[in-house]
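Scroll down for the structure; my scribbles are underneath it.
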Amino acid sequence: MRTRMQVGIVGAGPAGLLLSHLLHRAGIESIVLENRSRDYVEHRVRAGVLEQSPVDLLKAAGVGDRLAREGLVHRGIELRFGGRGHRVDFPSLTGGRTITVYGQQEVVKDLIQARLDAGGQILFEVTDVSVHDLESAAPRIRYRSGDESHEIECDIIAGCDGFHGICRPAIPDHEEHVFERTYPFAWLGILARAAPSHEELIYAYHERGFALFSMRSPEITRLYLQVAPDENLADWPDERIWRELHTRLETGDGWKLNEGPVLEKGITPMRSYVCEKMQHGRLFLAGDAAHIVPPTGAQGMNLAVADVNVLARALSEFFRTARKDQLDAYSQTCLKRVWRAEHFSWWMTSMLHRFPGDDGFQQRLQRSQLDYTVGSRAAAASLAENYVGLPFE
Ligand code: APR
Ligand code: PHB
């Protein structure tokens, strides 16, 4: 089976789905190919923080109604160290900007619904997806659906297939353009049916390691613990997780972490990764397919949104006028924001985690940096400005 399509998109995460939606609004036809099921992508627990500009973009693009109703607008975060909490207020430090807590899978659900309502094509559970003839004017995507082999001839292919996808490896020399760091720890995350016992996120720096208090809704708390990179989940029964969370998050001022049934549990490795070659011929990478940030700065989903915002505009110019200026500048345009987010998430990660083997030197630097961050308006403003995200151009 052979078909033609203006833009072929691999991956139905936030990047691929939002790109398809933005292209539709610009009158450009696309198809999204996803190897998982709709149910799987709509329930996969991932990131949960949207910065101001992505929120504004989703609303302006007509997919922000439920986000506006159910998203939790947060006006700050707390850094907890030295036995007490220190609040960083976003609006007063950033000219009124805030963040919104809204699960990535909710964004995914809203986008899938919007695409299907508009008659858009999303093919779930396809297999053997591969991309070909990227240097030509008619790149092709091959895939299998059931027993049938299919081929789509495209004008452009968007690789939105996440970190483990097939698009980045299809760029012949991509490894020569990769810059990365792995960290000597991982995050153990849980989702619990428990009312959040604090209104805002808490980033806790503790001698036993970092902990994060977050949430998804007025009924659901999301929590993370720094653990060893090779930690075995089987060694962490719920009682041990709760005990460790209480120890690292509570400061003795009477505040108590609410407990509840654990709905989901997982370990995430921490790494920084950038493939600076985000385009090759007519293939363009967006989101996790091109770059990964450690979750400490809550930047991952926002970078995916920022990439496809740039790509949708560039494609709109291309299909309207046949001009390739914006497409040619795609990597360069995205990488400025990507490296800012890479720096910020590396900085937050370095400031808040225990590093194995530290002789105390790093701890003293961390403590000095934390004191400075909450004690100086300029330093707090720098954290706040990066956390709420720089405006989209
Ligand atoms: N063929 C088709 N689809 C694929 C393939 C493949 N070979 N490989 C991966 N996919 C799909 C995945 O199943 C997933 O649904 O591509 C999608 C990629 O989505 P995400 O991993 O969510 O990546 P992205 O859309 O870039 O969003 C980035 O995800 O990991 C978080 O913190 C990160 O919040 C950020 C967001
Ligand atoms: C989350 O709620 O999943 C979350 C929040 C903030 C982070 C990372 C993850 O920095």
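The values are calculated or read from the model by the stated rules, or taken from the named source; none is laboratory data. In this text, all values refer to a predicted model and were calculated from it rather than measured experimentally. Neighbour counts run over all protein chains shown; Cβ positions are idealised from the backbone, glycine included. SASA here: full protein model, heavy atoms, side chains in, ligands and nucleic acids out. Shrake-Rupley method; radii C 1.70, N 1.55, O 1.52, S 1.80 Å.
When the inverse distances between all different Cα atoms of segment 150-200 are averaged and flipped, the Kirkwood radius reads 16.2 angstrom. The GNM of the chain, with springs linking C-alpha atoms under 10 angstrom apart, assigns the highest mean-square fluctuation among His21, His246, His177 to His177.
Its residue count N sets the reference 2.2 N^0.38 Å, and the alpha-carbon radius of gyration of segment 248-315 equals 1.69 times that reference. On a per residue basis, the chain carries 43 Å² of accessible surface, using protein heavy atoms and a 1.4 Å probe. In angstrom, the C-alpha Rg and Dmax of segment 265-393 are 17.8, 60.
For the chain, the fraction of C-alpha pairs more than 38 angstrom apart is 20%. Max-minus-min Cα coordinates of segment 331-393 on each principal axis give 42, 28, 12 Å, with the largest extent listed first.
Highest mean first, the peptides 332-341, 184-193 sorted by other C-beta atoms within 10 Å per residue fall in the order 184-193, 332-341. Comparing mean-square fluctuations of Tyr183, Tyr205, Tyr372 from a GNM of the chain with C-alpha springs under 10 Å, the top value falls on Tyr372.
Using only the Cα atoms of segment 96-147, what semi-axes does the equivalent ellipsoid have when each is the square root of 5 times a gyration tensor eigenvalue? Give whole Å, largest first. Intermediate values should be presented prior to the final figure.
Values: eigenvalues 196, 60, 29 Å².
Semi-axes (√(5λ), whole Å): 31, 17, 12.
Peptide packing for 287-293, 106-112 was compared via the average number of neighbouring C-beta atoms within 10 Å per residue; ordered from the highest value, the list is 287-293, 106-112.
Rg of the Cα atoms in segment 1-155, relative to 2.2 N^0.38 Å, amounts to 1.29. Spatially, segment 62-82 and segment 207-262 are offset by 20 Å when compared through their Cα centroids.
What is the extension gain from Asp359 to Ala195, computed as 0.36 nm multiplied by their sequence separation minus the C-alpha to C-alpha distance, in nm to one decimal?
Numbers: separation 164, 0.36 × 164 = 59.04 nm, distance 3.88 nm.
So the chain would gain 55.2 nm between Asp359 and Ala195.
Taking the Kirkwood radius as Rh and the Cα radius of gyration as Rg, segment 187-326 has a ratio of Rg/Rh equal to 1.13. For the chain, averaging the sequence separation of C-alpha pairs within contact (under 8 Å, six or more residues apart) and dividing by the residue count gives a relative contact order of 21 percent.
Report, in listed order, any pair from Lys59/Lys265; Lys109/Lys265; Lys277/Lys324; Lys59/Lys109 with a Cα-Cα distance greater than 26 Å.
Numbers: Lys59/Lys265 31 Å; Lys109/Lys265 21 Å; Lys277/Lys324 17 Å; Lys59/Lys109 15 Å.
Long pairs (Cα-Cα over 26 Å): Lys59/Lys265.
Whole angstrom only: what separates the Cα centroid of segment 340-362 from the Cα centroid of segment 159-177? Result: 28 Å between the Cα centres.
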